[in-house]
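A quick write-up on the structure given underneath.
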Amino acid sequence: MMNYAEIISRQKEYFLTGETKNNDFRIEQLKKLQTLIHQHESDLYAAVYADFKKSEFDTYASELSQVYDALKDSLKHISRWAKRKRVKTNLFNLPGHSFIVPEPLGVCLIISAWNYPYLLSLTPVIAAMTAGNTVILKPSEISPATSHALAQLINTNFPPEYMMVLEGGIAETTEILNQQFDKIFFTGSQAVGKIVYQAAAKWMTPVTLELGGKNPAIVTHNTNLKQAAKRIAWSKFLNAGQTCLAPDYILIEEKVNDEFLHHMKDYLLKFDYSIVKGNYVQIINDRNYQRLTALIDKTKIFFGGENNDEQRYITPTILTDVTFDDPVMEQEIFGPILPVIIYKDLNAVISKLKSMPQPLGCYIFSNDKNVQNKLLNELSFGGGCINDTVMQISNPNLPFGGVGESGIGSYHGKWGFATFSHFKGIIDKPFWGETALKYPLYSKTKLNWIKRILPRL
């Protein structure tokens with residue numbers, strides 16, 4: 001096993017030289033990463049296909065395009081984000097001026113997930129680089145080919161004291177987490193997120209956790225049912241449902257259930273999900289495949305339900321007549337199984353959702369502004385869409401992250417820069433214009449003046 005303490009120590013020493021804080025250095029490294037990704041695209045496509053048969057189209061559309069967008073956004077805004085910002089000075093601190101100084105945190109550990117191995121690795125890496133940190137990336141061992149591809153891309157082109165990929169499984173990750181970092185960023189399951197959080201607490205290390213949850217899609221009668229079915233079908237079965245933001249289940253108003261399901265079936269037939277045709281993927285491994293097949297109640301299959309053990313293939317599957325008591329509703333599905341729950345009373349739905357852990361995403365399908373606002377105001381969730389699904393992740397101007405059990409903190413765009421930064425608040429005062437009010441000896445006269453100057457009810 002590698003000497004992780006030595007690797008981290010070298011990164012700490014390099015960070016303390018101040019080199020990574022230099023804006024020109026940050027820009028140079030981001031451009032270098034941009035060029036390397038472009039030059040090695042074919043290798044990246046081959047690796048992700050080897051892991052779970054993900055096509056070049058899906059890899060570019062759902063991963064690399066957003067990585068390129070993150071690089072472009074950082075390069076465009078880095079000078080402004082990293083610049084000290086003047087803020088208003090209150091009366092008691094006059095004469096003087098106040099400003100905020102962003103500074104990098106130091107050595108950052110990024111532990112990424114297997115389902116979108118490039119997007120969920122490189123996007124936080126780009127944010128950490130933009131903020132001026134050094135980086136250690138630990139990709140998921142569940143997708144070994146992409147883990148190795150990332151190691152080759154980074155470890156052969158960047159000095160280890162600045163950025164390095166560490167590969168390995170549970171034993172290696174456990175040992176890495178025993179080390180002291182200045183920031184830990186984790187994407188993955190809630191169970192592992194708790195382990196990461198506990199490890200960070202030993203050192204008082206700040207943590208961002210990007211987790212998951214059971215994301216509802218709430219469909220009312222007052223929406224475009226055909227378009228709703230199309231958008232939900234696409235987002236749910238993208239990556240064979242192995243997407244943390246995907247709708248985990250549907251809550252459908254009773255009177256439009258039959259029509260909605262008819263549209264869903266039509267689109268699933270039209271989309272013709274097939275690994276051979278390049279618009280579908282395998283389940284990542286046997287363990288997840290067995291877990292998912294066990295969740296399919298054959299008495300409740302409306303569509304799909306077929307599987308192939310050798311190929312780890314599960315057809316897009318819709319389950320009907322589902323209740324919150326069914327086994328499929330006890331955990332995040334993270335696969336191509338879509339339960340549909342009928343409701344009559346929206347208030348009862350809201351009450352039920354409030355009793356459940358806050359999800360990473362929530363999707364509201366309604367053209368009624370009152371319904372939209374009611375759900376937005378009463379339900380807590382990481383982020384979401386109105387009359388669409390998962391697309392919030394594609395806008396770098398929106399923060400991406402969970403709340404409660406679905407995560408801590410957010411990133412993307414300027415929020416990513418903030419996640420990997422500390423903001424120092426500074427007051428700069430001249431020596432002239434000094435007031436004696438704050439200094440002893442205190443008196444009734446001074447108190448009266450203090451009450452005039454300082455805030456009070």
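At least 2 residues that are among the aliphatic types (A, V, I, L, M) and either over 23 Å from Val219 (Cβ atoms) or touching a helix residue (DSSP H, G or I) at 6+ places or on another chain (Cβ under 7 Å) (or both) in each: list the strands (runs of 3 or more DSSP E) lying fully within region 232-344 that qualify.
249-253, 317-319, 337-343
Quick grid of which residues meet (1) at pLDDT below 95; (2) surrounded by fewer than 17 Cβ atoms within 10 Å (Cβ to Cβ); (3) out of contact with any helix residue (DSSP H, G or I) (no Cβ under 8 Å at 6 or more places or on another chain); (4) more than 21 Å from Val165 (Cα to Cα):
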site: Ile7; (1), (2), (3), (4): no, no, yes, no
site: Tyr14; (1), (2), (3), (4): no, no, no, no
site: Thr20; (1), (2), (3), (4): no, no, no, no
site: Leu30; (1), (2), (3), (4): no, no, no, no
site: Leu36; (1), (2), (3), (4): no, yes, no, no
site: Leu44; (1), (2), (3), (4): no, no, no, no
site: Ala47; (1), (2), (3), (4): no, no, no, no
site: Leu71; (1), (2), (3), (4): no, no, no, no
site: Ser74; (1), (2), (3), (4): no, no, no, yes
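Between a residue in region 192-208 that is hydroxyl-bearing (Ser, Thr, Tyr) and any residue that is part of a helix (DSSP H, G or I), which pairs come within a Cβ distance under 7 Å, given they are 6 or more apart or on different chains?
Sorted first by the residue in region 192-208, then by its partner, the pairs are Thr208/Thr419.
Tell me yes or no: at least one residue of region 241-252 is touching a Lys or Arg at 6+ places or on another chain (Cβ under 7 Å), among the hydrophobic types (A, V, I, L, M, F, W, C), touching a residue at least 12 places away in the same chain (Cβ under 8 Å) and within 26 Å of Tyr60 (Cβ to Cβ).
Yes: region 241-252 contains one or more residues that are touching a Lys or Arg at 6+ places or on another chain (Cβ under 7 Å), among the hydrophobic types (A, V, I, L, M, F, W, C), touching a residue at least 12 places away in the same chain (Cβ under 8 Å) and within 26 Å of Tyr60 (Cβ to Cβ).
For (1) β-branched (Val, Ile, Thr); (2) touching a Phe, Trp or Tyr at 6+ places or on another chain (Cβ under 6 Å), each residue gets a yes or a no:
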| position | (1), (2) |
| --- | --- |
| Ile142 | yes, yes |
| Ser147 | no, no |
| Leu150 | no, no |
| Pro160 | no, no |
| Met163 | no, no |
| Glu172 | no, no |
| Gln179 | no, yes |
| Ser189 | no, no |
| Gln198 | no, no |
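Which condition from (1) of a type in the set (Ser, Thr, Tyr); (2) closer than 30 Å to Gln282 by Cβ; (3) part of a helix (DSSP H, G or I) is the one that Thr130 breaks?
(2)
Among the residues of region 424-446 satisfying the criterion of being surrounded by 11 or more Cβ atoms within 10 Å (Cβ to Cβ) and among the aliphatic types (A, V, I, L, M), which is farthest from Pro102 (Cα to Cα)?
Applying the filter and picking the extreme gives Leu437.
Here are Gly433, Gly416, Gly425, Gly402: which of them is within 30 Å of Ile350 (Cα to Cα) and either in a loop (DSSP other than H, G, I, E, B) or in contact (Cβ under 8 Å) with a residue 24 or more places away in the chain (or both)?
Values: Gly433 fails: within 30 Å of Ile350 (Cα to Cα); Gly416 fails: within 30 Å of Ile350 (Cα to Cα); Gly425 fails: within 30 Å of Ile350 (Cα to Cα).
Being within 30 Å of Ile350 (Cα to Cα) and either in a loop (DSSP other than H, G, I, E, B) or in contact (Cβ under 8 Å) with a residue 24 or more places away in the chain (or both) holds for just one of Gly433, Gly416, Gly425, Gly402, which is Gly402.
Sort out which residues of region 76-97 are of a type in the set (S, T, N, Q) and at pLDDT 95 or above, and write them in order of number. Steps first, please.
Initial filter on region 76-97 (of a type in the set (S, T, N, Q)): 79, 89-90, 93.
Matches in region 76-97: Ser79 only.
Mind listing whichever residues of region 354-373 are buried (at least 21 other Cβ atoms within 10 Å of the Cβ) and farther than 23 Å from Lys226 by Cβ?
Matches in region 354-373: Pro359, Leu360.
Quick check, is Pro117 surrounded by 23 or more Cβ atoms within 10 Å (Cβ to Cβ) and within 20 Å of the chain's Cα centre (by Cα)? Even if it seems obvious, please write down each step before you answer.
Working: surrounded by 23 or more Cβ atoms within 10 Å (Cβ to Cβ): yes; within 20 Å of the chain's Cα centre (by Cα): yes.
Taking the combined requirement at face value, the residue satisfies it.
The values are calculated or read from the model by the stated rules, or taken from the named source; none is laboratory data. As the structure is a prediction and not an experimental result, all values here were calculated from the model. So basically every Cβ, Gly included, is an ideal-geometry build from the backbone, and we count neighbours across all protein chains shown.
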